[in-house]
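This report concerns only the one structure given below.
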Amino acid sequence: TIDRPKCMLPVRGTSLLGRQVEALSRHGVADIRVVVGYKAETVEAPGISLVENAEYQTSGEAQSLSLALGEGDTIVSYGDILYRPFFLAMLEDREEDIVLAVDPRVSGRAGRDAVACTLPFSDDLDPDAETPQLKGFVAEGGDGEWVGLMRASAAGAARLRRTLDEMAAEGSLASADLGAVLTRMAAAGERIGVVYVTGFWRNVNDLMDLAQARDAV
């Protein structure tokens with residue numbers, strides 16, 4: 001990553017970003033916005049538009065999202081993950097206006113993407129069973145790890161925008177990650193759905209992760 005950001009690392013001939021674009025395009029997503037900062041000139045993939053965060057060195061995910069977030073149904077994704085396209089359909093199958101994909105296999109582990117939910121993972125197939133909601137992001141002891149992928153309906157995206165604008169007015173936006181934004185919304189009463197996914201994704205943070213991602217495709 002000396003000469004490129006992580007999203008441009010190759011996974012069997014196609015970058016992480018390129019594989020996300022393929023999944024999104026297959027799902028019918030036409031407007032794909034990529035927030036760039038570090039080595040922005042190296043970021044490329046078919047059909048994308050670039051949104052520059054000029055303050056990427058001193059700001060976080062929330063500010064990047066505020067620059068790219070539009071109106072209408074929205075998919076938000078970290079740039080360094082690899083996932084199966086059916087995740088997108090799973091997120092759309094829920095009725096909540098904001099829905100997160102969470103992997104319960106890493107429950108109880110500390111990390112910035114650990115989440116607490118109203119219900120733990122269950123493989124119950126009862127269609128009338130209660131569905132889990134996000135309680136908030138936690139330092140440790142949660143019910144799983146957020147994959148880094150979420151869906152927002154048009155109404156959910158509008159409320160997400162209002163929250164980002166409120167944080168900007170308070171001066172807390174620049175230092176915030178997405179976990180802080182979503183925890184704030186959940187605490188204010190927003191119903192944020194959780195879809196548990198076990199496997200079929202990779203978060204690329206080091207060489208071992210990259211090797212496993214290449215083995216998985």
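Just so you know, all these numbers are worked out from the coordinates, no wet-lab data involved. As the structure is a computational prediction, the values presented were derived from the model and not from experiment. Positions of Cβ are backbone-derived with ideal geometry, glycine not excepted, and every protein chain shown enters the neighbour counts.
Results, tabulated for the structure shown:
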| item | result |
| --- | --- |
| Evaluated over the chain, the Cα radius of gyration and Dmax, each in Å | 16.7, 50 |
| Separation of the R105 and L67 label points, Cα + 7 Å toward Cβ, nm | 3.3 nm |
| Helix-derived mean residue ellipticity, 222 nm - over the chain, DSSP H n ≥ 4, -39500 (n - 2.57), to 500 | -8500 deg cm²/dmol |
| Of the GluC sites (Glu not before Pro) in the range 1-102, those whose Cβ has at most 15 other Cβ within 10 Å and which sit in DSSP loop | E44, E55, E71, E95 |
| Spacing of the two label points (7 Å from each Cα toward its C-beta) at T42 and T58, in nm | 2.5 nm |
| Shape metrics for the range 97-217, restricted to C-alpha atoms - Rg then Dmax, Å | 15.4, 45 |
| Difference of contour (0.36 nm per residue) and Cα-Cα distance, V217 to D123 | 31.3 nm |
| Mean projection area, nm², convex hull over Cα of the range 4-93 | 5.9 nm² |
| Cα pair distances in the range 7-55, grouped into 5 Å bins until the bin that holds the longest one, percent each | 5, 22, 29, 25, 15, 5, 1 |
| Net charge contributed by nearby residues that have their C-beta within less than 13 Å of E22 (K/R +1, D/E -1) | +4 |
| Evaluated over the range 123-194, the Cα radius of gyration and Dmax, each in Å | 13.9, 45 |
| Zero-based 10 Å bins, Cα pair distances in the range 64-108, whole percents | 19, 50, 29, 3 |
